[in-house]
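Asks: Take a look at the following structure, please.
The values are calculated or read from the model by the stated rules, or taken from the named source; none is laboratory data. Remember, predicted model here, so these are calculated numbers, not experimental data. With ideal geometry, Cβ positions are generated from the backbone for all residues, glycine too; neighbour counts draw on all protein chains shown.
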Amino acid sequence: MMDPMPTTKLISLSQAITQFVPDGATVVLGVGLESCIPFAAGHEIIRQRKRDLTLVGPISDMLFDQLIGAGCARAVRAAWVGNVITGSGYNFRRAVENGNIQIEDHSNLTLALALRAGAMGVPFLPTRTALGSDLFSTNTSLKTITCPFTAERLTAVSAITPDVTILHVQRADAGGHAHLWGNFGVAREAALASRHIIICAEEIVAAEVIERDPNRVIAPGLRVSAVVHAPWGAHPSPVPGYYNRDHQMFLDYQRDSQTPEVFAKWQAKWVDGAKTSDAYLELLGQERIAELRLKNHARAEAVDYGY
């Protein structure tokens with residue numbers, strides 16, 4: 001049930017990162033695999049020069065690579081890190097080769113189970129997955145156990161309980177109730193496993209808008225620590241119903257991250273040089289924004305919650 005009179009949690013992105021992402025925090029970014037990745041929040045983390053973070057996420061597109069290149073990350077717990085369109089993440093690769101980052105390899109499923117265990121408040125969840133794989137050689141949070149009921153050999157996946165999960169959603173009210181649609185990925189698990197939740201939303205709407213469709217609420221508003229109005233805050237990843245994936249940005253980033261020197265120039269332009277949403281959109285340009293906006297709409301059928 002939603003709070004009858006929610007207290008506003010609406011603050012700036014800068015305030016949210018300052019308050020809820022301290023140095024050394026474990027942070028979930030990018031829960032929807034390839035959509036709704038909170039790039040704006042990641043860039044604010046870079047601008048604030050956060051350090052020694054542990055990054056958690058199944059597939060973060062190139063956001064983890066950017067955070068690593070900027071010196072923000074100490075460790076990564078993920079299923080994949082790179083640039084989805086072009087493959088390799090050069091900053092990530094350099095950090096691994098130089099021994100500058102700790103890696104805990106997961107499959108998408110083991111990471112989902114780890115966050116589900118954290119959300120449930122249990123120390124681990126059993127599964128058949130990962131048996132026979134080499135994940136055990138790099139991931140100490142996976143153990144083999146014997147089922148007490150069947151004597152079957154299973155994998156125990158240790159819970160992950162992050163300090164903060166940052167979610168990008170389509171809309172939210174000021175009290176923290178947020179609607180997400182499209183691929184949820186591990187959004188609900190990550191949110192409920194975390195101590196804090198930061199919601200970044202394309203739109204801030206009245207509570208009544210959220211109340212009319214309660215099944216889309218991604219997490220209880222009482223669990224949300226901050227709400228941020230972040231239009232285009234997931235660019236260049238897509239947001240269903242708002243804008244498409246910016247393929248060119250991913251192609252350009254491959255070129256602009258091949259060496260530390262060219263990455264520094266990219267960071268100076270796209271992160272340090274674009275400190276607000278308006279500045280970022282001005283840099284992106286109206287022509288490109290128009291190209292990425294939806295051309296065709298595919299609306300869901302309305303449902304009846306009447307009584």
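Asks: Which of the residues belonging to the stretch 232-266 are touching a helix residue (DSSP H, G or I) at 6+ places or on another chain (Cβ under 7 Å), in contact (Cβ under 8 Å) with a residue 12 or more places away in the chain and not aromatic (F, W, Y)?
Replies: Hits for the stretch 232-266 are G233, A234, H235, P236, S237, N244, D246, S257, Q258.
Asks: Please note which helices (runs of 4 or more DSSP H) are completely contained in the stretch 1-116 and include at least 1 residues that are surrounded by fewer than 16 Cβ atoms within 10 Å (Cβ to Cβ) and either in contact (Cβ under 8 Å) with a residue 12 or more places away in the chain or under 18 Å from the mean Cα position of the chain (by Cα) (or both).
Replies: Output list reads 13-20.
Asks: Further, regarding this structure: I'm trying to understand the selection: among the residues of the stretch 38-56, which are touching a strand residue (DSSP E or B) at 6+ places or on another chain (Cβ under 7 Å) and under 28 Å from V205 (Cα atoms)?
Replies: P38, A40, A41, G42
Asks: Right, here's the next one. Can you pull out every residue in the stretch 277-290 that is in contact with a helix residue (DSSP H, G or I) (Cβ under 9 Å, 6 or more places away or on another chain) and either surrounded by 13 or more Cβ atoms within 10 Å (Cβ to Cβ) or not in a helix (DSSP H, G or I) (or both)?
Replies: Of everything in the stretch 277-290, those that are in contact with a helix residue (DSSP H, G or I) (Cβ under 9 Å, 6 or more places away or on another chain) and either surrounded by 13 or more Cβ atoms within 10 Å (Cβ to Cβ) or not in a helix (DSSP H, G or I) (or both) turn out to be S277, Y280, L281, L284, R288, I289.
Asks: When you look at G182, is it at pLDDT 95 or above, assigned to a loop (DSSP other than H, G, I, E, B) and in contact with a strand residue (DSSP E or B) (Cβ under 8 Å, 6 or more places away or on another chain), yes or no?
Replies: no
Asks: Looking only at the stretch 142-181, which residues are within 16 Å of A78 (Cβ to Cβ) and without any contact (Cβ under 8 Å) to a residue 40 or more places away in the chain?
Replies: Of everything in the stretch 142-181, just one residue is within 16 Å of A78 (Cβ to Cβ) and without any contact (Cβ under 8 Å) to a residue 40 or more places away in the chain, namely L142.
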